[in-house]
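Student: Quick one: structure below, then a few questions.
The values are calculated or read from the model by the stated rules, or taken from the named source; none is laboratory data. Quantities reported herein were computed from a predicted structural model and do not represent experimental measurements. Cβ coordinates were reconstructed from backbone atoms using ideal geometry, including for glycine residues, and neighbour counts include every protein chain displayed. To get the accessible areas, we keep the full protein, side chains included, count just its heavy atoms, and leave off ligands, DNA and RNA. Shrake-Rupley method; radii C 1.70, N 1.55, O 1.52, S 1.80 Å.
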Amino acid sequence: MRLFYTKKELALKKKRTAFAVICIGLVIGVYLIATHRSEPQPELPTVVIAPASQKDVEVYGEYVGRVRAQQFVEVRARVEGYLEKMLFAEGTYVNKNQVLFVINQDQYKAKADKARAQLKKDEAQALKAKRDLERIRPLYKQNAASQLDLDNAIAAYETTVASVGMSKSDLDQAELELGRTVVRSPIAGHISERHVDLGTLVGPGAKSLLATVVKSDTVLVDFSMTALDYLKSKERNVLLGQKDDTRSWQPNVTITLADNTVYPHKGLVDFAEPQVDPRTGTFSVRAEMPNPNRVLLPGQFTKVKLLLDVREHSIVVPMKSVIIEKGGAYIYVMRRDNIVERRFIELGPEVGNQVVVERGLAAKEYIVTEGYHKLTPGMKVSPVKPTANSTTKK
C-alpha cells in the first residue's frame, strides 16, 4: 500500500468523494420528498347564515277579557196592577217600542175619565167667569159696578183658569199612568224569559222586574292592562281609546273563543280607564266588537289579542341566533372575508320566533343562525345558506 499519492491521483480521489456525497444527498433528498406527508390544513367550521331582514313588525299583547252586552235594559212595571197579557216569545228578537206586557187598565181608565170630566167642568166654569168679567168691566167704567165687584170677577176668573190648569195636569198624569199599563220594549234586542207569571200583581208596591232586553248585535269586551303596557304605548305616542287618523293602523282587538277558534270579526278599543287600580296595578280597557250572528254571549270569557304597536322598518333576526349571557345579548356576524365577529345588540320585542334588534345591527348583514356554538371571534368559517331540511351541526 502506497503512503503517498500524486497530485493527479489526489484530485481524482477528491472528485470521486464529492460525487459520492452528492449522489448520497440526492438519494436522501428523493427519499425524504417521496416519504414526506404534508400537514393537513385545519377544517373550517360550517355554519348556516342568513341576512338580517327589515320589515314592519306588529306588536301584540294578550289578555283575558269578558264579553258584555252593549245595552242591557231591565223592563219594569211602572204602575201597579195585575199582569194580564204577555205579547212576545221568550228569547226572541223584539223591536224598539214593541208591546211586551199589558197590565190591567180598568182603574187607570176610570181615573183618566174622571180627570177628563173634571177638566170639562173647570173649563165651563172658567168660560162663565170670563163672561162675567167681560160684563163687569164696562159697568165699572160707567160707575155702574163697584171696585169690589170687579175684583171679585177677576179673582173668580183667575181661580177658574188655575183650576183648568190643574185639571189638565191631572188628566196628563192619568193618561200617562194609563199609557204605562202597556209595557213596551225600550230598545231593540233579544228578550229574556219573563220574570213574573200572568195574573201576578206587579208595580211599585210589588215585583216590578218583568224581563230584560239585551242588545247584542254589538258587544263590549272588557279586559285589564298593566301600567307598564300604558307606559310603553305612551313612548310610541299611542293613546288607547282615542282614534288617531295620522297613523296607518288602529289598536284593533282579536279574540279567541273557548274552543280555541279565532273570532272572524275584529274590534276597536274605544275606551281606556284614566286611572290605575292601586290594588291590582292595572287599568280597564274596553273594545267594541261586532256580533251579527250572536256568537258572542254576554258574560262569556275570551282571550284578547290587542295590537299595541306597529314597528315600521324594524331589523329582525331569528330568536335562535341570539346568545344571551350575563354581559348582554350578542350574535355572530360574518364579514365579507368569511370571518365572524361577535356583535352585542339591544333587543326589542319578540314576535313569534323572531326578535326585533333595536341597536347594533344593520339590514342585510349576514348573521350566523346555526353552528355558532363552535365559534370564537375572528374565526374563519365556511358559510352555507339555510335549506328546508338543513342538518348542519351547531
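Student: Give the carbon-plus-sulfur fraction of the accessible surface of segment 255-383 in %, rounded to a whole number; probe 1.4 Å, heavy atoms of protein chains only. If you can, show how the numbers build up before the last one.
Tutor: Numbers: 3690 of 7240 Å².
Answer for segment 255-383 is 51 percent, counting heavy atoms of protein chains only.
Student: Give me a comma-separated list of calculated 3J(HN,Hα) values for segment 198-206, in order, Karplus coefficients 6.51, -1.76, 1.60 applied at θ = phi - 60°, integers in Hz, x for any Gly or Pro.
Tutor: 4, x, 7, 6, 10, x, x, x, 9
Student: Please list, ordered by chain and number, the residues whose modelled amide H lies under 5 Å from the amide H of T218; skip anything fewer than 5 residues away on the same chain.
Tutor: Here Q70, N291 satisfy the definition.
Student: Can you send over the carbon and sulfur percentage of the accessible area for segment 173-247, probe radius 1.4 Å, protein chains only? Before the final figure, lay out the partial values.
Tutor: Values: 1940 of 3870 Å².
Carbon with sulfur: 50 percent of the solvent-accessible area.
Student: Taking the solvent-accessible surface of protein heavy atoms with a 1.4 Å probe, what is the per residue accessible area of segment 189-237 in Å²? All intermediate terms of the calculation are to be shown ahead of the outcome.
Tutor: On the way: 2440 Å² over 49 residues.
Averaged over the residues of segment 189-237, the accessible area is 50 Å².
Student: A further question on this structure: Find how much the distance from T92 to K320 grows on full extension, using 0.36 nm per residue of separation minus their present alpha carbon separation; answer in nm with one decimal. It would help to have the intermediate numbers written out before the result.
Tutor: Numbers: separation 228, 0.36 × 228 = 82.08 nm, distance 5.47 nm.
Using 0.36 nm per residue and subtracting the Cα-Cα distance, I get 76.6 nm.
Student: Pull out the extension gain between V99 and V384, defined as 0.36 nm times the separation in residues minus the alpha carbon to alpha carbon distance; nm, one decimal.
Tutor: Values: separation 285, 0.36 × 285 = 102.60 nm, distance 7.65 nm.
Taking V99 through V384 to full extension adds about 95.0 nm, to one decimal.
Student: Sticking with this structure for a sec: Computed from these coordinates, which is P(r) over Cα pairs in 10 Å bins from 0, in percent: [x] 5, 22, 34, 26, 10, 2, 0, 0; [y] 4, 12, 12, 11, 11, 9, 8, 8, 6, 4, 4, 3, 2, 1, 1, 1, 1, 1, 0, 0, 0; [z] 5, 20, 28, 24, 14, 6, 3, 1, 0?
Tutor: The listed entry that was calculated here is [y].
Student: Here is a follow-up. Show me, for segment 102-118, the HN-Hα J-couplings you get by feeding each phi into the Karplus relation (A = 6.51, B = -1.76, C = 1.60, θ = phi - 60°), rounded to Hz, glycine and proline as x.
Tutor: For segment 102-118, the Karplus curve yields 10, 9, 3, 9, 4, 5, 7, 5, 4, 5, 5, 4, 5, 5, 5, 5, 4 Hz.
Student: Along Cα→Cβ, 7 Å out, is where each label goes; now give me the distance between the ones at K109 and D217 in nm to one decimal.
Tutor: 3.6
Student: Still on this structure: Would you grab the residues whose amide H sits under 5 Å from the one on E84? Only those 5+ places off in sequence or on another chain, please, with H modelled 1.01 Å from N.
Tutor: V102, I103, N104, G199
Student: Which net charge results for the neighbourhood of A272, defined as the other residues with beta-carbon distances under 14 angstrom from its beta-carbon, given Lys and Arg at +1 and Asp and Glu at -1? Walk me through the numbers before you get to the answer.
Tutor: Values: positive: K232, K234, K243, R286; negative: D222, D229, D244, D270, E273, D277, E288.
Around A272, the surrounding residues sum to -3.
Student: OK, next. Check A188: other-chain or 5+ apart residues with amide H under 5 Å from its amide H, H built from backbone geometry?
Tutor: Here the answer is K96, since their amide H atoms fall under 5 Å of that of A188.
Student: For segment 301-342 and segment 153-178, what is the centre-to-centre distance using only Cα atoms, to the nearest Å?
Tutor: Each part's Cα centre sits 82 Å from the other's.
Student: How far apart, in nanometres, would the label points at E365 and E288 be if each is projected 7 angstrom from Cα along the Cα-to-Cβ direction?
Tutor: Going by the 7 Å Cα→Cβ label model, 4.7 nm.
Student: Compare the peptides 50-58, 21-29, 311-319 by average per-residue count of other Cβ atoms within 10 angstrom and give them in order, highest first. Could the numbers behind the result be given before it?
Tutor: Numbers: 50-58: 15.1, 21-29: 10.0, 311-319: 17.4.
Highest mean packing first, the order is 311-319, 50-58, 21-29.
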